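The block underneath contains the structure these notes are about, expressed in structure tokens.
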Amino acid sequence: MDSLFSSLFPLAVFAFVSSITPGPNNIMLTSSGIRFGFKRSIPHMLGITFGFAVMLALCALGIGSLILAMPTLHVALKVAGSGYLVYLAWQLRSIAFRQRVDENQRPMTFFGAALFQFVNPKAWVMAVTGVAAFLPVVQPVWLSIALFCLVFGAINLPCVSVWAGAGSVLRRFLAEPKWQRVFCVVMVVLTLYSAVAIWL
């Protein structure tokens, strides 16, 4: 039992640090919290955690390292991930420079958020790093992978929820169109930075 705890505790710390720090997912969730509120952003949050858990399982099976070892596929992932972030920045930019948000806009769906994880190169790198350094040494192997995904998912979900919650709180203080535009411009800059950071 002590041995299991000694392997799960560093994993929990890694999961917390990697999940709570800024990144494309958290920036997108903050934006979603502001635009749609916390409740409507829940499928987005659940999709992130589910998609990343599937990615962790794939990496634990060795697929992640194989993908990152293939230069063409790795570049394709970067193009897709940064392209989506540029598209998101354009959507935020359009909000910043018009008075009313289009009522037809919808938050990201569960499946959309889950699939986004697979075009996010930094998520792949984080998953491969986590598996290489923190996969519990437990037998049978399926139990080790299940524990790894369960611990990471249990920590990831509340961490990403904090960002959606922060956006929802900020929403109340951004009633004036002027401050909405200022904040959206800041979010555009951060989103574009995330798109560029994929290539760094």
(message) Considering only C-alpha atoms, what is the centroid distance from the stretch 144-173 to the stretch 42-65, in Å?
(response) 14
(request) Order the peptides 135-143, 30-38 from the highest to the lowest mean number of other Cβ atoms within 10 Å of their residues. (result) 30-38, 135-143
(message) Suppose each label sits 7 Å from its Cα in the direction of the beta carbon; what would the residue 111-residue 42 distance come out to in nanometres?
(response) 2.0
(request) Check cross-link reach from residue 178 to the lysines: straight Cα distance under 30 Å, and skip same-chain residues fewer than eight apart. (result) 39
(message) If each residue of separation counts as 0.36 nm, what is the full-extension length gain between residue 13 and residue 179 once their alpha-carbon separation is subtracted?
(response) 56.2 nm
(request) Report the full-extension gain for the segment residue 150 to residue 186: residue separation times 0.36 nm, less the Cα-Cα distance, to one decimal in nm. (result) 9.5 nm
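Any read-out appearing in this document is the output of simple, stated calculations on the displayed coordinates, not a laboratory observation. Since this is a predicted model, take the numbers as computed values, not measurements. When we count neighbours, we look across all protein chains shown, and the Cβ atoms used for this are built from the backbone with ideal geometry, even at glycine.
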